[in-house]
Amino acid sequence: MTGAPDHKPALTVLLCSPRGFCAGVVRAIETVEQALARYGAPVYVRHEIVHNRYVVESLKAKGAIFVEELNEIPDSDAPVIFSAHGVPKSIPAEAKKRNLFALDATCPLVTKVHREAEIHHKRGREIVLIGHADHPEVVGTVGQLPAGAITLVQSVEEVARFLPRDPGRLAYVTQTTLSVDDTAGIIAALKARFPHIHGPHKEDICYATTNRQEVVKKVAPMVEAMVVVGSPNSSNTQRLKEVAERAGCPRAALVQRARDIDWSLFGSIVSLGVTAGASAPEILVEEVIGAFAERYAVKVETVTTADEDMFFPLPRVLRGPKAAE
């Protein structure tokens, strides 16, 4: 009978490595979990700690309460955690004014971009931020400096229209989760128009975004379809889908869970790539591969392009009794 185990069509799954959680995401999630363990529920979190519904729902079940703004939090001595994406300076200032117990889970690589922007501003430079409008990371970076200090550009076309106050006093920074190739094109356009523009000593796109895109570029031309596990509101996850399509994969699908798979996209394929955005837990990757294994005779092969051993320590107050003294 068709569909019986002996008659499943063969499917080779090329599993991308690195994939899934990065060091900044691990640090952010552990910040919430450690705060819950140390102080008990509730722990308030401003914005999704990372862009993944499964992670957020899991933390809610443990006692985390997610809010979009601090005015949703009652006066309390419960911890208030800022998400991995970073926040405008007005947010910690408001928390301090209200005597809230704030913990900052901003990814250190995002904080690096904030510091770069501040240094350029102190040196009198107008700053161009390459990024996506309304993404929380971009909102946080723009909010580090006074209004008008940072101009957002999202494309080569916007670079062409940009009119700086002084072309000789310019600098650029970037969102950490962008497409490496798209960003390179925008930076090239900026440098062509403004040869004296200052850039970061080390590129702002984070190691995890770069590594996940590189392995997808390698796998995409080798498979008939690619599944990217992650959330639609995750910038780095959306970029993985775009990278797969551009690298020659005939079809790429972004799914949050196995139940979201549109099986009509896959049909009689014999090869499939699987990866996951930096905020997607490995359990969801396993769930997706398991769903394919119910329909296909799956053979999994891992394709690795980089080894990751990055680690970021928790906020000081959560590191142990001595650190909290």
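A few remarks follow.
- Straight-line cross-link reach from K217 at under 17 Å between alpha-carbon atoms covers these lysines, not counting any fewer than eight positions away in the same chain: K241.
- Qualifying trypsin sites (Lys or Arg not before Pro) in segment 201-240, where qualification requires a DSSP coil assignment and no more than 15 other C-beta atoms within 10 Å, comprise K202.
- For segment 93-137, convex hull of alpha carbons as volume per residue, Å³: 113 Å³
- Taking other residues whose beta carbon is less than 12 angstrom from the beta carbon of H201, and scoring Lys, Arg as +1 and Asp, Glu as -1, yields 0.
- Rounded to the nearest 20, the size of the Cβ-charge dipole of segment 23-107 about its Cα centre is 160 debye, with Lys and Arg at +1 and Asp and Glu at -1.
- Surrounding net charge for A28, when Lys and Arg each add one and Asp and Glu each subtract one, Cβ distance under 13 Å: -3
- For segment 252-314, chymotrypsin sites (Phe, Trp or Tyr not before Pro) meeting the loop criterion (DSSP other than H, G, I, E, B) and having at most 16 other Cβ atoms within 10 Å: F311.
- In segment 273-323, the inverse of the mean reciprocal separation of distinct Cα atoms equals 14.5 Å; this is its Kirkwood hydrodynamic radius.
- Cα-derived Rg over Rh, computed across the chain with Rh taken as Kirkwood radius: 1.01
- Mean silhouette area of segment 20-70, derived from the convex hull of its C-alpha atoms and averaged over all directions, reads 3.4 nm².
- From helices alone, the chain scores -11000 deg cm²/dmol at 222 nm; the rule is -39500 (n - 2.57) for each run of n ≥ 4 DSSP H residues, then divide by the residue total.
- For segment 23-107, alpha-carbon Rg over 2.2 N^0.38 Å: 0.97
- Cβ charges +1 (Lys, Arg) and -1 (Asp, Glu), total dipole of the chain, debye: 720 debye
- All Cα-Cα distances of segment 118-193, cut into 5 Å bins from zero to the largest, leave 3, 16, 30, 26, 19, 6, 0 percent in each bin in turn.
- Only aspartates and glutamates eight or more places from K299 in sequence, or on another chain, were considered; those with a Cα closer than 17 Å are D6, E224, E286, E287.
- Legend: Rg and Dmax of segment 1-156, from Cα coordinates, 20.1, 74 Å.
- The lysine pair count for segment 40-176, using Cα distances under 29 Å and pairs eight or more places apart or on different chains, is 14.
- Distance from the Cα centroid of segment 269-325 to that of segment 202-230 is 13 Å (rounded to whole angstrom).
- Loop-located trypsin sites (Lys or Arg not before Pro) in segment 104-140, at most 12 other Cβ atoms within 10 Å (DSSP): R123
- Our coupling estimate for segment 257-266, obtained by passing each phi through the Karplus curve with A = 6.51, B = -1.76, C = 1.60 and θ = phi - 60°, is 9, 4, 5, 8, 5, 8, 5, 5, 6, 9 Hz, Gly and Pro reported as x.
All of the numbers you see were taken from the coordinates with simple rules; none came from a lab. Source: prediction; values computed, not measured. Quick reminder, even Gly has a Cβ in these numbers, built from the backbone with ideal geometry, and neighbours come from all protein chains shown.
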